[in-house]
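Some notes on the structure that comes next.
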Amino acid sequence: MTVSPDAPVLFFDSGVGGLSILAPAHALLPTMPVVYAADSAGFPYGTKSEAEIAARVPALLGRLVERYRPRLVVIACNTASTIALSVVRAALDVPVVGTVPAIKPAAEQSIERVIGVLGTDATVRQPYVDRLAAEHGADCTVLRHGSAALVALAEAKLRGETLDPAVARDALAGLLDQPGGERMDVVVLACTHFPLLLDELRAASPRELAFVDGGPGIARRIAYLTQGQAWPDAQPDGVAVFTRVDADTEALRPALLSYGLTRIDAL
């Protein structure tokens, strides 16, 4: 099947976290047409039940695919991916790329064999994380901590608000204060919001820690799945679509522009 050069890649998240996935993808595929969808009416996902997410995400993505006709869908959200990826793949007739916690690269990097997984409450309790840890870090101690406050902090940062440094400090303490935390040397940013706070997390860290996330790996996956397809000659204007448009959405406009998203739609 021939793919139109104008067919976009659709990135989906509960909020702005997926921009941390969009950025490395754009660096690799600079003229990629983009639709960035944020389920602002359902935000945040990390405090919702598995049943709510499993029902909500496939229905929304069905509507988005119908409207924007993407060549590929990226679920740029760890919580939605760990819970709803298989359901979404079964429901859609386009390729779907999920976002999984970067435990494999973290285990490859860790010298002390203690890694931390910093995500949402919903992500860190998933059996999927157990399987990744057993598969890629069987000889590692894997510490976990869920932080809803850190998700809110990332949204606030992109709205241009003043940030409380205690939020990042408390999130890291949730890992460092656990038994074995004193030997932890790598932290998996297992929520796509968290790479947006890399500077704040580094500033809050009492010692040097390596932070890893899945963004670069997902960018390579998008490039692989779209190889041989035509792209536009120049980067087209990107579209940001929100399930609720309000004052917070307007406050995000400068940040969205910096990611090449010039138009805001409502779903």
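The values are calculated or read from the model by the stated rules, or taken from the named source; none is laboratory data. From a predicted model like this one, the values you see are computed outputs, not experimental measurements. Cβ: placed from backbone, ideal geometry, glycine included. Neighbour counts: every protein chain shown. All accessible areas refer to the heavy atoms of the entire protein, side chains included, with ligands and DNA or RNA removed. Shrake-Rupley method; radii C 1.70, N 1.55, O 1.52, S 1.80 Å.
Mean separation of Cα pairs under 8 Å and 6 or more residues apart, divided by the residue count, gives the chain a relative contact order of 28 percent. In this label model, ALA134 and GLU112 are separated by 2.7 nm, measuring between points 7 Å along each Cα→Cβ vector.
Every helix of 4 or more DSSP H residues in the chain counts as -39500 (n - 2.57), and over all residues that averages to -12500 deg cm²/dmol at 222 nm.
A P(r) calculated from all alpha carbon pairs of the stretch 164-223, with 5 Å bins opening at zero, reads 4, 17, 28, 24, 13, 8, 5, 2, 0 percent.
Rounded to the nearest 0.05, what FRET efficiency do GLU66 and ALA152 have when you use their Cβ-Cβ distance and R0 = 25 Å? The computed FRET efficiency comes out at 0.20. Whole-Hz Karplus values for the stretch 142-151 come out as 10, 8, 9, 8, x, 9, 6, 5, 5, 4 Hz, taken residue by residue from phi with 6.51 cos²θ - 1.76 cosθ + 1.60 and θ = phi - 60°; glycine and proline positions read x.
Beta carbons within 10 angstrom, averaged per residue: use that to sort the peptides 39-46, 237-244, 184-191, highest first.
Put in order of decreasing packing, that is 184-191, 39-46, 237-244.
Set against the labelled values (1) 1.10; (2) 0.97; (3) 1.32, Cα Rg over 2.2 N^0.38 Å computed from this structure falls on (2).
For the chain, the share of accessible area belonging to carbon and sulfur comes to 52 percent (1.4 Å probe, ligands and nucleic acids excluded). Its Cα gyration tensor gives the stretch 104-207 an equivalent ellipsoid, and the semi-axes of that ellipsoid, as √(5λ) in whole Å with the largest first, are 24, 15, 11. Accessible surface for the stretch 1-125, divided over its residues, is 36 Å² per residue with a 1.4 Å probe. Shown in residue order for the stretch 87-99 are the 3J(HN,Hα) couplings computed by the Karplus curve 6.51 cos²θ - 1.76 cosθ + 1.60 at θ = phi - 60°: 5, 5, 4, 5, 8, 9, 9, 10, x, 10, 10, x, 10 Hz (x for Gly and Pro). Here's how it looks for VAL97: its modeled amide H is under 5 Å from those of VAL73, VAL74, ILE75, which are all 5 or more places away or on a different chain. Residues whose amide H comes within less than 5 Å of that of VAL117, counting only those at least five positions distant or on another chain, are LEU143, ARG144, HIS145, VAL188 (H built at 1.01 Å from N in the peptide plane).
For the set THR47, THR249, the ranking by accessible area, highest first and with no ligand, DNA or RNA atoms included, is THR47, THR249 under a 1.4 Å probe. If R0 is taken as 35 Å, the Cβ-Cβ distance between ARG207 and GLN235 corresponds to a FRET efficiency of 0.30.
How big is the dipole moment of the stretch 1-94 about its Cα centre under a simple scheme where the beta carbon of each Lys and Arg is +1, that of each Asp and Glu is -1, and everything else is neutral? Debye, nearest 20, please. Could the numbers behind the result be given before it?
Details: 7 positive and 7 negative charges, 19 e Å.
Using Cβ point charges on Lys, Arg, Asp and Glu, the stretch 1-94 gives about 100 debye.
Phi angles of the stretch 118-131 translate, via the Karplus equation with coefficients 6.51, -1.76, 1.60 and θ = phi - 60°, into HN-Hα couplings of 9, x, 8, 4, 5, 5, 5, 8, 6, x, 4, 5, 4, 5 Hz per residue; Gly and Pro are given as x.
Ellipsoid fit via the Cα gyration tensor, the stretch 1-44: semi-axes of 22, 13, 6 Å, each the root of five times an eigenvalue, largest first.
Comparing Cα centroids, the stretch 228-245 and the stretch 141-188 end up 32 angstrom apart. Mind giving me the FRET efficiency for ASP199 and THR2? R0 is 45 Å, r the Cβ-Cβ distance, nearest 0.05 is fine. With a Förster radius of 45 Å, E is 0.55.
D for the stretch 1-118, whole µm²/s, Stokes-Einstein with Kirkwood Rh over alpha-carbon pairs at 20 °C and 1.002 mPa s: what number? In µm²/s, the coefficient is 141.
The loop-placed GluC sites (Glu not before Pro) in the stretch 159-267, going by DSSP, that have at most 16 neighbouring Cβ atoms within 10 Å of their Cβ come out as GLU161, GLU208.
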